[in-house]
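Here the structure is laid out as structure tokens; the discussion comes afterwards.
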Amino acid sequence: MEVLNRTLTNTVKPDVISDFKEITKMRLAVSVVFSSVAGYFLGAEVVNFVVVLLLAIGGYLMVGASNAFNQVIERNLDAKMNRTKNRPIPAGRMSVTTATIIASLFTILGIVVLYIINPVTAMFGGISIFLYTCIYTPLKRVTPLSVFIGAFPGAIPFMLGWVAATNDFSIEPGTLFMIQFFWQFPHFWALGWWLYDDYKRGGFFMLPTGKRDKGTAIQIILYTIWTVVISLIPVFGVTGRLYLTPISGVLILILGIGMLYYAFKLYKNKDEKTAKQLMFASVSYITLLQIIYVLDKFIRIWI
């Protein structure tokens, strides 16, 4: 009997943990938490690690809620796509009721945790869930403009950290919001190009022209350029307390040129391989940008 219990434990627990990670999209949630914490470090005059912990927990809960609601709504469509058919709901490992309960609890707990930080942070967290679940998700099968709508909740985390630190929304968090807002267009269009056939099976419209063509590639190039331009605005000292030294500006410009290289390469090749490379280049860009911004601030303080 003891052997049987150990066997059941070893087979059930990993599945439960794996399904929990999948229903909340753990890797995505962690990247969002990273953005929020980076924004907090930029906005905080004195770092409060209790607030950092609350922001990380609340951020994960909010992203997890959005992703769980998304998988409940799109469960029948997920079953049609190779990349999503093994998710907990379409694979039959988790019921719709269970996923809905998880999403609802995460929403309530996430708002409460963020409210402990301050009401403005909780408000933006709630707005993010609403936009992602109630507007972006249904529009994905209707119009490519869904990417525009989805860019709003996707851009909130970086800005949310600053708001958590200051309890205020002004030009600084607005700039952080714009950086991550415009970055999402080349990022998601590269993803949409790479997984075009799979998205098509689910009936999703992700590319601006609806096709993997020059029109889409040109828009990716233009939005990449605009993302880099906005990322460099703090160098000129016009964004309040959010400032970036010229040296850090050069580093971000180099990162931007690297991302732009793959955007032009996609225009030339128009293939899935290059789109995948661009997608990963975009992830590297936003991650390293946030690290550079934070290091730039604290190096200036220490020096």
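Read-outs: derived from the displayed coordinates by stated rules, not from any lab. Nothing here was measured: the structure is a model prediction, and the numbers come from that model. Note: ideal-geometry Cβ built from the backbone for every residue, glycine included; neighbour counts use all protein chains shown.
What separates the Cα centres of region 15-66 and region 237-303 is a distance of 22 Å.
Pull out a ≥ b ≥ c, the square roots of the eigenvalues of the alpha-carbon gyration tensor of region 74-185, then state rounded if a/c is under 1.5, prolate if not and a/b is larger than b/c, and oblate in the remaining case. Taking the square roots of the gyration eigenvalues as a ≥ b ≥ c, region 74-185 is oblate.
Working from Cα pairs under 8 Å separated by at least six residues, relative contact order for the chain is 18 percent. Compute the Cα gyration tensor for region 212-303, then decide on rounded, prolate or oblate, letting a ≥ b ≥ c be the square roots of its eigenvalues: rounded whenever a/c is under 1.5, prolate when a/b is larger than b/c in the other cases, and oblate in all that remain. Prolate. Each Lys and Arg Cβ is given +1 and each Asp and Glu Cβ -1; about its Cα centre, the chain then shows a dipole of about 940 debye. Summarising the overall dimensions of the chain from its C-alpha atoms, the Rg and Dmax are 20.2, 70 angstrom. Per-residue ellipticity at 222 nm from helix content only, as computed over the chain with -39500 (n - 2.57) for each DSSP H run of at least four residues, stands at -26000 deg cm²/dmol. Pairs K214/K297; K21/K214; K85/K276; K21/K268; K80/K214: which are spaced more than 31 Å apart, C-alpha to C-alpha? Over 31 Å Cα-Cα: K214/K297; K21/K214; K21/K268. Summary value for region 191-302: 29 percent relative contact order, contacts being C-alpha pairs under 8 angstrom separated by 6+ residues. Across V72, V16, V283, mean-square fluctuation computed from a Gaussian network of the chain (C-alpha pairs under 10 Å connected) peaks at V16.
Please work out whether region 99-162 counts as rounded, prolate or oblate from its C-alpha gyration tensor, where a ≥ b ≥ c are the square roots of the eigenvalues and a/c under 1.5 means rounded, while otherwise a/b larger than b/c means prolate and anything else oblate?
oblate
Each residue of region 252-269 was assigned a 3J(HN,Hα) from its phi angle through the Karplus expression (A = 6.51, B = -1.76, C = 1.60, θ = phi - 60°), giving 5, 4, 4, 4, x, 5, x, 5, 5, 4, 6, 5, 5, 5, 5, 4, 6, 8 Hz with x at Gly and Pro. Please list, by residue number, everything in region 178-206 whose backbone N is under 17 Å from a paramagnetic label point 7 Å out along Cα→Cβ of V238. Residues 178-179 fall inside that zone.
Contact order for region 62-131, expressed relative to its length and based on alpha carbon pairs under 8 Å spaced 6+ residues apart, stands at 36 percent. Among E45, E172, E22, whose mean-square fluctuation peaks in a Gaussian network model of the chain (Cα, cutoff 10 Å)? Largest GNM mean-square fluctuation: E45.
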